[in-house]
Amino acid sequence: MGYQAETEDTQFVKTGQQVKIENDTYIIIVSGDANGDGTLDIIDLVRMKKQLVELEHYDEAFIKAMDINENGEFDIADIAKTKKILVGIE
Ligand SMILES: [Ca+2]
Ligand SMILES: [Ca+2]
């Protein structure tokens with residue numbers, strides 16, 4: 001028996017989405033998607049900066065998504081890498 005991911009729209013998966021597979025629920029993490037719209041853009045960078053200076057405290061799923069260099073921690077290096085991606089040099 002297969003499974004079907006139920007999403008609001010089928011175009012993107014988004015950080016924070018829940019997927020049920022049989023009896024287990026999984027939370028989707030999209031690397032770099034810090035606001036749950038399925039894409040990486042300037043809004044995600046703004047949220048990363050707010051999280052870094054503790055102006056905001058986002059849910060764990062979003063903080064994991066902010067770890068764009070996937071080293072297990074969210075810090076300034078992730079913001080630097082996100083900027084490079086946004087300007088197209090990485
Ligand atoms: Ca986003
Ligand atoms: Ca990191």
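Summary table below
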| item | result |
| --- | --- |
| Residues located in the range 65-74, provided they are within 10 Å of ligand 2 (Cβ to nearest atom) and either of a type in the set (Phe, Trp, Tyr) or surrounded by 13 or more Cβ atoms within 10 Å (Cβ to Cβ) (or both) | Met66, Asp67, Ile68, Asn69, Phe74 |
| Failed item, numbered, when Gly88 is tested on (1) in a helix (DSSP H, G or I); (2) over 14 Å from Ala34 (Cβ atoms) | (1) |
| Qualifying residues in the range 42-59 (those that are within 21 Å of Gln18 (Cα to Cα) and in a loop (DSSP other than H, G, I, E, B)) - the one nearest to ligand 1 (Cβ to nearest atom) | Tyr58 |
| Test for Phe62: is it crowded, with 16+ Cβ neighbours inside 10 Å, among the aromatic types (Phe, Trp, Tyr), at pLDDT 95 or above and in a helix (DSSP H, G or I) | yes |
| First in the range 24-52 and over 14 Å from Asp67 (Cα atoms) and in contact (Cβ under 8 Å) with a residue 40 or more places away in the chain, second anywhere and more than 6 Å from ligand 1 (Cβ to nearest atom) and part of a helix (DSSP H, G or I), Cβ under 7 Å, 6 or more apart | Ile42/Leu86 |
| Single condition Glu8 does not satisfy, out of (1) modelled with pLDDT of 95 or more; (2) surrounded by fewer than 10 Cβ atoms within 10 Å (Cβ to Cβ) | (1) |
| Some residue of the range 33-41 being within 14 Å of ligand 2 (Cβ to nearest atom), under 27 Å from Glu90 (Cα atoms) and part of a loop (DSSP other than H, G, I, E, B) | yes |
| Lys50 surrounded by 11 or more Cβ atoms within 10 Å (Cβ to Cβ), more than 16 Å from ligand 2 (Cβ to nearest atom) and modelled with pLDDT of 95 or more | yes |
| Filter result (assigned to a helix (DSSP H, G or I), in contact (Cβ under 8 Å) with a residue 12 or more places away in the chain and closer than 18 Å to Leu52 by Cα) within the range 74-85 | Ile76, Asp78, Ile79, Lys81, Thr82, Lys83 |
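The values are calculated or read from the model by the stated rules, or taken from the named source; none is laboratory data. What you are looking at is a predicted structure, and each value in this text was computed from that prediction instead of being measured. Quick reminder, even Gly has a Cβ in these numbers, built from the backbone with ideal geometry, and neighbours come from all protein chains shown.
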